[in-house]
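Every number here is computed from the coordinates shown, using simple stated rules; none is lab data. Source: prediction; values computed, not measured. Backbone-built Cβ (ideal geometry, glycine too); neighbour counts: all protein chains shown.
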Amino acid sequence: MSSVVLEPGSPAPDFTLLDQDEKPVTLSDLRGGGVVLFFYPEAMTPGCTTEACDFRDSLAPLQAAGYTVLGISPDQPEKLRRFRERDGLTYDLLSDPEHAALDAYGTWGEKMNYGKTYEGVIRSTFVIDADGRIQEALYNVKATGHVGRVRALLGVGA
């Protein structure tokens, strides 16, 4: 696990990353509304597809409650564009191959899979309030059922 662990109330680390269309997205530009930021290991893999589609299916109530949803992975914009098109994702996916945001949020670190230890993305979600502070920091989440938990925490219904 990364040495960085963000706690509710702490400032959300700012970043500028390219989206799937290679347009820069800066977190601080979204102040004034909430942001749901989810970090996932790799576009087009089964667990990440499940999570991304759950966010897609929950986008309308999240947006109605004032939240922007953004997904971040180390994938290049071209792969993110294919992922977005393939699964009809209607929010931006951000590319972080240099791990700038991944490191700042403590979501790049040691993982274990089938008994092997390796470095990778620790699936995590952050809710950032309108003032740019961490409202919820959920580390090491499961892909399935996670979006429902986020909605419950935020009191966002169907």
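Evaluated on segment 47-92, the Kirkwood hydrodynamic radius is 11.0 Å, with distances taken between all distinct Cα atoms.
In summary, the convex hull built on the alpha carbon positions of the chain has an orientation-averaged projected area of 8.6 nm². Cross-link check: pairs 23/142; 23/111; 23/79 evaluated at a Cα-Cα cut-off of 23 Å; pairs beyond the cut-off: 23/142; 23/111.
Report summary: the helix-based calculation at 222 nm, which adds -39500 (n - 2.57) for every DSSP H run with n ≥ 4 and divides by the residues of the chain, gives -7500 deg cm²/dmol.
For the chain, the dipole from Cβ point charges (+1 on Lys and Arg, -1 on Asp and Glu) about the Cα centre works out to 480 debye, to the nearest 20.
Which one, 90, 101, 49, is farthest towards the positive end of the dipole of segment 16-149 when Lys and Arg carry +1 and Asp and Glu -1 on their Cβ? The listed residue farthest towards the positive side: 49. Going from the fewest other Cβ atoms within 10 Å to the most, the residues 44, 112 appear in the order 112, 44. Residue order for 141, 5, 69, fewest other beta carbons within 10 angstrom first, comes to 5, 141, 69. Across the chain, C-alpha contacts under 8 Å between residues 6 or more apart give a mean separation that, scaled by the residue count, equals a relative contact order of 34 percent.
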